Every structure is written in structure tokens, then in C-alpha cells.
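Enquirer: Questions regarding the structure given below will be posed in turn.
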Amino acid sequence: LDIRPLGGDLPDITNRREPIGGARRIFDDCTDRLDDYSRMLGRSEGLRPTLAAVAQLPLGLRVKNAEELPGQPLSRLKELVSDGSLVSIQQLAQLAGMEPDKIATRAKQKELSGILAALGYGNTADPCFSLKSAKPVALAMVFALEREAEADPEPGQHYRPMQLSIMLGMVIAFADGLLHPLEERRLFEKIDEAPGLSRDERVRLKAELKVCAADAGRIVDWTKRIGDVPADRREDLADELVAVAAADGTLHAREVSQLEKLFRQMGLDENSLYSRLHGSVAPQNRPRDGNDDLPLVIPAGIQPPGIPV
């Protein structure tokens with residue numbers, strides 16, 4: 001075969017060290033970058049590519065190859081995001097091509113989250129961000145990240161304090177058994193206004209809030225972490241918790257009772273709670289009338305001069 005590139009002869013480089021060495025370095029680099037993909041593919045049934053395998057490809061190749069997978073698992077992820085649907089950890093694992101009956105450990109849930117992040121998706125069960133590992137049947141929410149992650153996402157320095165503050169706000173909001181839309185909006189606004197959070201961290205916190213709204217039992221453990229609130233942040237947190245309680249225009253006795261517990265756990269004087277509720281007017285003792293569970297209606301968003309507690 002006579003090849004004459006650019007009008008010249010093709011040089012014989014078989015005896016030249018530099019081109020052969022360069023080609024070998026390129027070959028080795030390519031095989032190294034595909035090694036994780038090859039190993040993950042070897043673990044899949046019938047050597048069929050899965051999201052778990054495709055997530056190991058170099059950044060520019062992941063999404064394109066994921067879109068061509070049988071069963072269209074990437075399209076299913078997009079649907080979960082657009083619908084705001086909840087999905088179990090087991091179902092997510094199966095969607096990713098992992099073994100759903102082995103997803104109970106923190107390591108496996110971290111692996112699952114890394115697979116999704118590599119394709120541009122986060123989930124609220126990521127153990128790097130959640131309080132503890134989730135049960136396989138626990139529900140999670142999937143959300144879109146700003147871009148495909150090149151490494152497993154980790155929380156920034158401002159994320160944990162804000163997460164704790166938001167979840168304690170949920171404890172108060174749910175004390176009366178109902179998350180009112182105005183209380184939810186108050187918490188969303190707090191997330192939007194929080195300094196130092198990335199776009200993905202704000203989206204994640206809102207998704208966590210929605211998951212907890214569907215299962216109030218998930219927020220109970222957060223009261224055990226109130227000791228993590230720095231002493232110089234407790235007064236500000238106290239203000240915010242009272243604001244959440246009053247955001248829906250009502251104050252329930254159960255909300256006040258929960259506030260009292262949190263104030264005690266933070267080492268704050270309960271009178272400072274009543275001052276906040278009363279507009280700095282000290283509370284008056286009153287006899288129990290059996291109606292402690294009835295809501296006390298106040299104008300939404302307005303702090304009245306006095307509310308009986």
C-alpha cells in the first residue's frame with residue numbers, strides 16, 4: 001500500500017525510540033483510564049454495560065454511553081428528577097446496575113452515590129452528607145448536579161451547620177403534626193439566603209427537606225445533634241426556630257413545648273424563649289384548661305406583642 005501523506009513519503013519509525021516510547025505512553029495512559037471501567041464491566045452479569053460501569057469512563061464519554069444502555073436507566077434518573085419522586089435505595093442500586101440486596105452498608109451506599117454523581121446526579125441518601133446510613137427500603141430523592149462529578153462530592157465547611165439548623169427547624173415545624181406551606185417556604189428561603197453554600201448543596205438541602213416532609217420520623221435523630229451547634233450560634237438559631245414556628249400564622253402548644261426542650265438542650269434560658277414569643281413581655285402563669293393542643297392564631301409573618309403559652 002503506497003501512502004503519501006501531505007505529498008510526502010511515510011517515514012519508517014520502527015527503529016526510532018522516541019515515537020515508539022511516546023505511543024506506548026499514550027497506550028498505557030488509555031488503558032489505565034479504562035481499567036476501572038473494565039473491572040466494573042467484568043463484575044456485571046453477562047458482561048453487559050451498566051450505569052455502574054459507564055460511570056468509570058473518562059468524563060466526556062459517560063453520558064453519551066449511558067444514554068445508549070438497554071432499559072434506558074439514565075432516562076429513568078431524569079424522570080425521577082423532573083417528577084420529584086421518591087425512590088428506595090434498593091431501586092436506585094438496581095437502576096445503577098448494583099446488587100440491590102447488598103446495598104445496606106455505608107461503603108455500598110457511598111459507591112452508589114459516587115456512580116450517580118459521576119453521571120451528574122445526587123441523592124439524599126449519600127452517606128457523605130446524611131446523618132447515618134439508610135436502610136435499603138428507605139426512600140430517597142434524586143436531583144441534578146450542576147455537572148458530572150470528577151470525584152465523590154464532599155460537604156463544604158458551611159454545609160453541616162446549615163443542615164443541622166434546617167433539620168431542627170423541621171423538628172419545630174412538625175411538632176404540631178403538619179408542615180405548613182409557609183413553614184416550608186421559610187426553610188427554603190433560609191437555604192437560599194445561607195452564605196457559603198454551593199448551588200448543589202442548596203439543591204441537596206431542599207431535597208432533604210422534601211424527603212423529611214414525606215416521613216417526619218426521619219428528623220427525630222437530629223435533636224441528638226443539637227450539642228454540635230456552636231455556643232456563639234445558639235442565640236441566632238433560637239431566633240430562627242421561633243420564626244419557623246410562627247411562620248404559618250399559628251403557634252401550637254406542642255410547638256412551644258418542643259421549643260422549650262430545644263432551648264434547654266442548648267443551655268438557653270427558657271425566659272428568653274418566652275421573650276421571643278411575647279415580644280419581650282414576660283409570660284403570665286395560667287391554669288390548664290385542657291386546650292393545650294389547640295392552635296393560637298396570629299397573622300402570618302407578623303410577631304404579635306403577646307401570645308399566651
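Enquirer: Could you please find all residues in the stretch 175-195 being outside any loop (DSSP other than H, G, I, E, B) and within 15 Å of ALA246 (Cβ to Cβ)?
Expert: Those that are outside any loop (DSSP other than H, G, I, E, B) and within 15 Å of ALA246 (Cβ to Cβ): ALA175, ASP176, PRO181, LEU182, GLU183, GLU184, ARG185, ARG186, LEU187, GLU189, LYS190.
Enquirer: Any idea which of (1) of a type outside the set (Asp, Glu); (2) closer than 30 Å to ALA243 by Cα; (3) outside the structural domain of GLU240 (by TED's automatic domain parsing); (4) crowded, with 21+ Cβ neighbours inside 10 Å is the one ILE172 doesn't satisfy?
Expert: The failed condition is (3).
Enquirer: Then there's this: Report yes if SER75 is out of contact with any strand residue (DSSP E or B) (no Cβ under 8 Å at 6 or more places or on another chain) and under 25 Å from THR223 (Cβ atoms), otherwise no.
Expert: no
Enquirer: Which pairs turn up if I take residues in the stretch 73-84 that are in the same structural domain as GLY97 (by TED's automatic domain parsing) and look for partners that are exposed (fewer than 12 other Cβ atoms within 10 Å of the Cβ) with beta carbon separation below 8 Å, at least 6 apart in sequence or on another chain?
Expert: GLU79/SER85
Enquirer: Go over the candidates ARG225, ARG254, ARG202 one by one and state the one that is modelled with pLDDT of 95 or more and either on the phi > 0 side of the Ramachandran plot or surrounded by fewer than 19 Cβ atoms within 10 Å (Cβ to Cβ) (or both).
Expert: ARG202
Enquirer: Between residues in the stretch 211-236 that are more than 26 Å from GLY122 (Cβ to Cβ) and residues that are loosely packed, with under 14 Cβ neighbours inside 10 Å, which pairs lie under 7 Å by C-beta distance while being six or more apart or on different chains?
Expert: Close Cβ pairs satisfying both conditions: none exist.
Enquirer: I would also like to ask the following. Hey, GLU68 hits all of (1) over 21 Å from the mean Cα position of the chain (by Cα); (2) free of Cβ contacts under 8 Å to residues at least 24 places away in the same chain; (3) surrounded by 12 or more Cβ atoms within 10 Å (Cβ to Cβ) but one; which does it fall short on?
Expert: Status for GLU68: all satisfied but (3).
Enquirer: Among the numbered criteria (1) among the charged types (D, E, K, R); (2) part of a loop (DSSP other than H, G, I, E, B); (3) surrounded by fewer than 19 Cβ atoms within 10 Å (Cβ to Cβ), which one does ASP126 miss?
Expert: Of (1) among the charged types (D, E, K, R); (2) part of a loop (DSSP other than H, G, I, E, B); (3) surrounded by fewer than 19 Cβ atoms within 10 Å (Cβ to Cβ), only one is false for ASP126: (3).
Enquirer: OK, next. Exactly one of (1) within 12 Å of the chain's Cα centre (by Cα); (2) modelled with pLDDT of 95 or more; (3) of a type in the set (A, V, I, L, M) is unmet by LEU131. Its number?
Expert: (2)
The values are calculated or read from the model by the stated rules, or taken from the named source; none is laboratory data. The structure displayed is predicted, hence computed values, not measured ones. We place every Cβ from the backbone using ideal geometry, glycine too, and count neighbours over all the protein chains shown.
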